[in-house]
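Asks: The structure follows.
The values are calculated or read from the model by the stated rules, or taken from the named source; none is laboratory data. Every value quoted in this text rests on a predicted model; they were computed, and no experiment measured them. Counting neighbours? That spans all protein chains shown, and the Cβs are built from the backbone with ideal geometry, glycine included.
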Amino acid sequence: AEYMGVYEKIFHLCWCFWIMLKFGLLKFVCQTSCKAIEKRFLSISLRPYQEDCIKTVLDAFENKNMNRVAISLPVGSGKTVIFSHLIGRVKAPTEKATQVLVLAHRQELLEQAREKISNANPGLR
């Protein structure tokens, strides 16, 4: 992989190491190391436009007194990632409002949303 820079090579090496740990191909490393690698590489770093989108939505809720906001982005731009990160940041309107409803027309999209929400909000059940 001549085209890969130093950081890409390190990421690739760590990702391969994590896969080998996860599937039991390496037995000598403790489970704590596996969890640390999993947390580091499964956490999602947001792109600048995604951060801007989240800030805009939060500003609309908090400073502009809006309670309904729609986000329109192109395919593949990370709408699921954005709303997954919004779940933990938007203040609940009441104390009893503790759940989020995700609707989709395909099971794969629901599974993708569940994975992204879990990664962005590890404390949720």
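Asks: Of all helices (runs of 4 or more DSSP H) completely enclosed by region 1-112, which ones contain at least 2 residues that are modelled with pLDDT of 70 or more, aromatic (Phe, Trp, Tyr) and surrounded by 10 or more Cβ atoms within 10 Å (Cβ to Cβ)?
Replies: Working: elements: 6-22, 31-42, 48-62, 79-87.
Of the helices (runs of 4 or more DSSP H) lying wholly inside region 1-112, those with at least 2 residues that are modelled with pLDDT of 70 or more, aromatic (Phe, Trp, Tyr) and surrounded by 10 or more Cβ atoms within 10 Å (Cβ to Cβ) span 48-62.
Asks: Quick one: in region 113-125, of everything that is of a type in the set (A, V, I, L, M, F, W, C) and assigned to a helix (DSSP H, G or I), which residue is nearest to Lys79 (Cα to Cα)?
Replies: The first filter runs over region 113-125 and keeps only residues of a type in the set (A, V, I, L, M, F, W, C), leaving 113, 117, 120, 124.
If we keep only those that are assigned to a helix (DSSP H, G or I) as well, we get 113, 117, 120.
Details: Ala113: 10, Ile117: 12, Ala120: 13 Å.
Among them, the one singled out is Ala113.
Asks: What pairs come up if the first residue lies in region 93-107 and is of a type in the set (S, T, N, Q), the second is in a loop (DSSP other than H, G, I, E, B), and their beta carbons are under 7 Å apart, counting only those six or more places apart or on different chains?
Replies: Partner pairs satisfying both residue conditions: Thr98/Ala92.
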